[in-house]
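A short worksheet on the structure shown next.
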Amino acid sequence: MDFNELVKLNKQNVKSIIRLITKQENEDLEQEVYLKVWKNQGKYEEKGSFKSWVNTIAKNIAKDYLRSAWFKNSQNSENDEYTLDSIKDKKTSPEDNILYIERQQHIISAIEELKPKLKETIMLCEIQGFTYEEASAKLGCPIGTIKSRIFNAKKELAEKLSDLL
C-alpha cells in the first residue's frame, strides 16, 4: 500500500480518535500512527479489517500519550500557571489598613450614638451573634420587640453610614 493512500484513507478516523481521547488536535500523534502502521504493515494479520487495525494503533498511541511523563508535566505546568494567576496578593498596603481602621471607627461611633435599647439589641444580635430568641430571653422582652429594635437600629445606622455604602 502506498503511504499517501494510507494517510488519505485513514486521516479522518485517526484525527477523530486522537481528538476524542486527548481532547486536542495533535498532528505529531497522527504522524506517529502512520509511521507505526507503515513500519508494521508486514505484521498485520487479516483477522479484522485494515481500518480497524489502524484505529487500534491510533487509540493506543493516544492513550500512551496521555500516560506519558511529558503530557503530565505539561498539564501540571499549565495548572501551576493558572494557579499563580488566580492567587490574589493577600498583603494589604498601609493605606488600605488605615482606611479599614477609619471605616471600623466610623461604624463603632455610629453604633455608640444609637439609643441604649437599640444599641444593646444590635450588639447582641448582629455583633455577638445571638438569635432573636436568645436576645429576647436575655433582655426579657418579646421577639417582636427585638425584631423592631433591630429594624430601627439598622435604619438609623444606614442613615449615619450612608457615606460608606
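Per-structure values
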item: Dipole-positive endmost among Pro94, Ile107, Phe130 within the range 94-160 (Cβ charges, Cα centre); result: Phe130
item: Net length gained if the chain between Asn13 and Phe50 were fully extended (0.36 nm per residue, minus Cα distance); result: 12.1 nm
item: Filter on Lys8/Lys39; Lys15/Lys63; Lys115/Lys147; Lys15/Lys47 - keep pairs with C-alpha separation over 22 Å; result: Lys15/Lys47
item: Ratio of Rg to Rh over the range 94-160 (Cα coordinates, Kirkwood Rh, two decimals); result: 1.08
item: Counted charge near Leu20, where neighbours are those whose Cβ lies closer than 12 Å (Asp, Glu -1; Lys, Arg +1); result: +4
item: For Lys59, net neighbour charge (Lys/Arg +1, Asp/Glu -1) across residues whose Cβ lies under 15 Å away; result: +4
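Just so you know, all these numbers are worked out from the coordinates, no wet-lab data involved. Predicted, not measured: the structure shown is a model, and the values here were computed from it. Every residue, glycine among them, receives a Cβ derived from its backbone with ideal geometry; neighbour counts consider all protein chains shown.
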